[in-house]
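Visitor: For reference, the structure I am asking about is given below.
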């Protein structure tokens with residue numbers, strides 16, 4: 001498949017069985033039989049009209065068509081066949097058209113989301129279509145429609161004009177019925193259903209307790225898998241216990257209803273004599289899994305114990321004595337057992353995912369684990385060793401998708417470490433190979449997302465990270481990366497929500513806490529910003545955190561306090577890090593202490609000379625301005641020209657990274673080209689740039705702040721910030737109810 005993910009205009013089709021949940025409650029066998037028959041009808045009719053079933057969502061079906069007439073004709077025929085199938089069963093269908101992205105058997109895009117909303121507000125046997133579909137019905141067509149008017153749908157900004165197809169046997173809803181369904185979705189009659197549900201649950205629990213006398217897990221469904229321990233150290237297998245721990249975490253993470261703590265947070269407690277209840281409190285989990293590994297010849301003995309640390313209660317203990325080739329089944333059994341104990345019902349997809357074996361070759365698996373161990377050192381030499389191990393694993397098993405993913409991740413890191421060559425393109429090709437083998441592999445989507453992000457193709461990075469998160473709801477790296485993408489796109493509310501999720505999965509990591517404070521600063525909420533930034537420093541002191549604190553002080557008009565943060569930054573980095581000087585130089589620069597900024601940024605540049613070749617470092621841009629002010633014309637020209645060259649404006653036409661466009665605006669402003677600078681700044685804002693601090697307090701733009709065009713751009717940012725704060729306030733109110 002091509003790397004542009006096959007974007008195309010399509011007609012999107014959604015259907016579902018009305019009242020299927022109630023039917024399941026009455027007669028589960030009959031409900032399954034009807035769902036199967038419904039699927040057969042859709043398959044038969046859609047193939048007749050060139051429709052393509054994308055996926056089945058329980059009783060719902062998502063499909064696409066090439067043309068509107070084929071989509072409507074197929075929908076009418078499906079309604080006819082379903083009504084003949086059973087008098088008690090009715091479906092509703094929604095159609096909309098627009099650009100969607102086909103990606104490894106799935107589809108994405110606003111058109112997909114809107115079609116789902118349209119279908120969900122229909123009445124039994126209806127066929128609702130959007131105005132875009134209506135506009136593509138040929139004149140003198142056999143299809144008849146009735147205009148229902150505009151409707152405000154959940155999470156859709158603009159009102160949507162809807163029509164109902166009136167051809168028999170389609171039911172035609174009244175406008176009042178549609179509005180009633182919309183209101184029901186947004187505010188259900190919760191009192192009646194809550195009382196009924198509680199009564200049912202209590203009755204079921206009473207009956208279950210009387211007749212079966214077993215406990216039902218009622219606490220939060222969460223688990224931390226602590227590092228497994230080697231009983232007898234074997235140099236040949238010294239990596240194995242850690243790898244087994246990580247694999248079990250990965251398996252359980254695929255279960256959406258269970259919160260699974262990230263491995264990095266769990267490993268904070270390796271070799272520490274901490275009580276389990278204290279660990280549970282720090283990690284905010286209700287259960288903890290511990291284990292040991294012992295090699296007995298060519299067999300492996302694995303002992304596991306799941307405990308409720310608060311109640312000091314053993315929930316499950318098991319010993320596995322297995323041959324090496326049976327190891328992969330153990331991981332599946334452990335994940336399934338945890339789900340059973342925590343009363344988590346697995347979906348078919350979850351069951352398939354946790355039972356999937358990536359390879360049957362233990363030697364290839366061992367090489368893959370060694371590759372991961374090298375990769376996690378995060379340095380250039382170890383990266384080379386990781387590549388070697390992944391390649392050896394692939395040679396032993398050419399269908400080992402995870403090994404391809406490891407190789408793809410290494411190649412994207414090559415680009416990060418500045419290694420020459422088209423490594424990002426190679427990373428994309430290899431991650432595509434992994435996805436051809438396993439279209440649900442979250443690590444492959446994450447590797448692809450990282451490569452797109454480093455290429456500045458933020459929209460494609462977003463799609464990849466969203467796919468990774470969909471396939472593994474607890475996959476902390478993808479969640480954090482997706483939050484960063486949303487922040488770059490100016491989707492600050494979504495970014496904050498994901499950072500909160502990331503922080504809950506890895507409570508010992510400071511970065512999601514720091515970035516949350518950063519976002520609150522951008523949203524003009526200084527008190528919350530400082531609260532999160534101080535919390536971040538309590539987890540782990542960081543120069544960037546104090547840099548953000550300084551910006552809060554500058555926005556509050558306290559320059560003296562902001563400049564004091566420079567001492568704190570250099571104290572944190574112990575005066576040895578180029579990154580410490582960089583953060584300190586940024587604070588001096590935005591404080592308009594240009595001479596001091598030059599001194600600090602030069603120290604940073606002397607320690608990190610490669611920063612001049614990295615388009616994601618702003619320090620060389622600020623140094624160029626400092627050199628211009630201090631009259632060092634040759635240095636000023638060299639830094640400006642090189643900074644422009646590596647950002648290659650002519651090749652950024654398809655790039656949607658707002659930060660790159662903002663940097664181009666700064667460079668053109670330093671050169672004095674106001675028209676170009678404001679044009680690039682407008683593009684940056686269009687792509688989601690929302691941090692107006694970097695404009696208002698930036699010496700580069702100080703002479704243009706009162707320019708009418710600049711004021712207009714700042715107003716655009718301000719209006720967006722106001723809307724996001726309203727949205728965030730609404731979410732907070734709903735959460736507190």
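Values in this text are rule-based calculations from the coordinates and carry no lab data. Remember, predicted model here, so these are calculated numbers, not experimental data. A quick note on method: Cβ atoms are made from the backbone with ideal geometry, for glycine too, and the neighbour counts reach across all protein chains shown.
Visitor: Listed highest first by mean packing, meaning other Cβ atoms within 10 Å per residue, what order do 285-292, 630-637 come in?
Guide: 285-292, 630-637
Visitor: Per 0.36 nm of contour for each residue apart, how much would the distance between residue 220 and residue 606 grow if the chain were fully extended, relative to their Cα-Cα spacing?
Guide: Gain on extension, residue 220 to residue 606, equals 133.8 nm.
Visitor: What number results when the radius of gyration of region 348-455, computed over Cα atoms, is divided by 2.2 N^0.38 Å?
Guide: Relative to the rule-of-thumb radius for its length, region 348-455 sits at 1.03.
Visitor: With N set to the residue count of region 269-334, report its C-alpha Rg divided by 2.2 N^0.38 Å to two decimal places.
Guide: 1.29
Visitor: Please list the equivalent ellipsoid semi-axes of region 7-187, computed as the square roots of five times the alpha-carbon gyration tensor eigenvalues, in descending order and whole angstrom.
Guide: 23, 19, 17
Visitor: Tell me the Kirkwood radius of the chain: reciprocal of the mean inverse pair distance over distinct alpha-carbon atoms, in Å.
Guide: 29.1 Å
Visitor: Per the helix-only calculation at 222 nm, which mean residue ellipticity applies to the chain, given -39500 (n - 2.57) for every DSSP H run of n ≥ 4 and division by its residues, nearest 500 deg cm²/dmol?
Guide: Per the formula, -18500 deg cm²/dmol.
Visitor: Also, quick follow-up: Where does each of 49-57, 314-322 land if you order them by average Cβ count within 10 Å, highest first?
Guide: Sorting 49-57, 314-322 by mean packing, highest first, produces 49-57, 314-322.
Visitor: Let me ask something additional. Ranking request for peptides 399-411, 719-731, 559-571: highest mean number of other beta-carbon atoms within 10 Å first, then the rest in descending order.
Guide: 399-411, 559-571, 719-731
Visitor: Follow-up question, since we're still on this one. Dividing the alpha-carbon Rg of region 222-357 by 2.2 N^0.38 Å yields what?
Guide: Relative to the 2.2 N^0.38 Å estimate, region 222-357 comes out at 1.01.
Visitor: Quick one: compute the contact order of the chain, relative version, from alpha carbon pairs under 8 angstrom and 6+ residues apart, as a percent.
Guide: 6 percent
Visitor: Hey, another quick one. What whole-number distance in Å separates the alpha-carbon centres of region 120-176 and region 263-303?
Guide: Between the Cα centres of region 120-176 and region 263-303 lies a distance of 56 Å.
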